[in-house]
1. Which ³J(HN,Hα) values, rounded to whole Hz and listed in residue order, are derived for segment 119-125 from phi using the Karplus coefficients 6.51, -1.76 and 1.60 in 6.51 cos²θ - 1.76 cosθ + 1.60 with θ = phi - 60°, glycine and proline given as x?
2. What order, most packed first, do the peptides 544-551, 422-429 have when packing is the mean number of other Cβ atoms within 10 Å of each residue?
3. Using 0.36 nm times the number of residues separating LYS419 and THR301, minus their current alpha carbon distance, what extension gain do you get?
4. Roughly what would the spin-label model give for LYS127 and ARG218, points 7 Å off Cα along C-beta, in nm?
5. Under a crude label model (7 Å from the Cα following the beta-carbon direction), how far is GLN367 from ASN144 in nanometres?
6. I want to make sure I understand the PRE zone here: with the label point 7 angstrom from the Cα of ARG77 toward its beta carbon, which residues in segment 190-214 have backbone N atoms less than 18 Å away?
7. Are any of the pairs LYS74/LYS133; LYS166/LYS219; LYS133/LYS308 more than 29 Å apart by Cα-Cα distance, and if so, which?
8. Mind giving me the nanometre distance, one decimal, between the label points for ILE531 and ASP312, set 7 Å out from Cα along Cα→Cβ?
Amino acid sequence: MVLAICLLFLVTALVRAESSNFSQLKRSYMEWPDVMAVGETYPMQAFRDYYSGSTLLKRENVTDKLVYISTDEKVVRVLPGNILKAVGPGVCSLRIEETDKSQIWRTSKTISVAASTFNHSTADRSKNEIVAKYKANKAQFSFNEYNEQFTQLPSADSPYSLGNLKDGMLLDGLRTANFVRYLAGLPDRLVLDQQLNRKAQHGALVLAANDELTHEPRKPLAMNRAFYDIGYQSTTSSNISSGVDTFSEQVVGFMDDIGIHNLEAVGHRRWILHPPLKNIGFGLAYTRQSVPYGVMQVFDTSDATNTKVNYDYIAWPSAGFFPTQYFNTMAPWSFTPNPMTYDLSQSTKLSVELTDEQGKRTWTLNQYDSAVSDNDDFFNIDVSKGDYASAVVFRPSEAQYRDGDTYRVAIRGLMHRVKGPVDVSYEVNFFAIPNWQRPDGWSRERSEIATGMIADDNEQQGQTADRNNDGSDGDKASEGEGGASKSNAEVAKDSGAQALWNQTLQTASSITSSAYQALQDQLTGLKNWLILVIGLCSLIIALLLFLYLLRKRN
């Protein structure tokens, strides 16, 4: 009996020891994360290390130990050194096998890789942080003549030539686009895509060849169909502009979205501030009269696979400190709530209360301010059809945004999907970036830029954009301009002459285009008449031949 009890005790101890080893193995194994984040790494050797205290590895007949990953490399990847790295959202299976001559022991674990989260925040930024970001992203490329922007000049006349832009031009556009996204509290890691650059260049050349700003351009005379098709695909999936010869300038113009045809939706701005945007491209070409046409490819959602932007709303100008140089006095404000949290389509009683704290003036904007005009109060709720989130667009009349001004925004009656109608408020503190330099072409002291930008109307163009939003009064230059050598009066005089010259060129171009169109219409009509005459003559000849053969037979 004693011997039996001793044997039972010994067996129990061995079972407990093995159970302990197995529990330790299981516990260690379960320490592997159920969810990894993009960019996280883990040594795969740790799996084998977990077995070091287990009797499973001490068996003499163990011939092989294998670790398998059954997954797409877009989710996880094995790096040198046997390191497992999460590279993209998804699910993969990690399998461990112990094989011997008699059996195969295996187990597997499912690992999920979640998209990294970017937390939107602007209210707590300091002026110094924003200025430092501006300095890191300010435009660096400058030129005096338009041909200095290219390593190879494009040609908008037959035979057409695509040309090649200098890297400095493209990089300045990228820097400015990333800076405005930073100001809005979004991921500022846009990248230039060479294919999109080439696509955008095709689009710009087609616009320049037609000398017409439209998202749906006609095929220019004698242009190769394949060339035109790429250009058409570009213009129908991009922001487009005319009269702007630098990409930094172009991006800021898109963000302003000035003009009665942009006012209701500010679509150019909202594409640039679309949270999942990552890959962009730029293109530029000139007409015979040296009018620049530009394209910015923005219809992209590549970053959505790697990053989830956690935001309550996206505002322009954004909450907290905001530089005056990046918001035009004629530009509309925009408020884009997270569609997962709020439903603008049900916010029928929504209104905006905008207060100038220094000027002690308050604007109340609602559905009764929906009339589109150049300067009056304006309000609109643009409900998205699925491309980007819906937004509230509003503009106060006669507002000024100077260094030190504070504006309080109160959105009232916003429909929360759970709580019902709620109010959202925030403050914008305007300040001037010291020693600010106008991007690219602005360094040539042009105070007015004729910029045409359209949303979805292929017959309409935007209005001239005044970029003097530095808080200056009369002939006194703002310190934010940094280095202007002419007085405002002199600049205005030069601008007037330039505007007259531009108007002359535009008129001549319009007359030429009209004459060309009229000639084309006449040729089209003549062609149709010619076809009709040839058809009638053929019919008469066939009839006479028939009568001749009939008579000869009789």
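1. 8, 5, 7, 9, 5, 9, 6
2. Working: 544-551: 9.5, 422-429: 15.6.
Result, highest mean Cβ count within 10 Å first: 422-429, 544-551.
3. On the way: separation 118, 0.36 × 118 = 42.48 nm, distance 3.00 nm.
Once the chain is fully extended between LYS419 and THR301, it gains 39.5 nm.
4. 5.5
5. Distance between label points: 5.9 nm.
6. 191
7. Values: LYS74/LYS133 32 Å; LYS166/LYS219 27 Å; LYS133/LYS308 23 Å.
Over 29 Å apart, Cα to Cα: LYS74/LYS133.
8. It works out to 6.4 nm between the two label points.
Each reported figure results from applying straightforward, stated rules to the coordinates on display, with no laboratory input. Predicted, not measured: the structure shown is a model, and the values here were computed from it. All Cβ positions, even for glycine, are placed from backbone atoms using ideal geometry, and neighbour counts span all protein chains on display.
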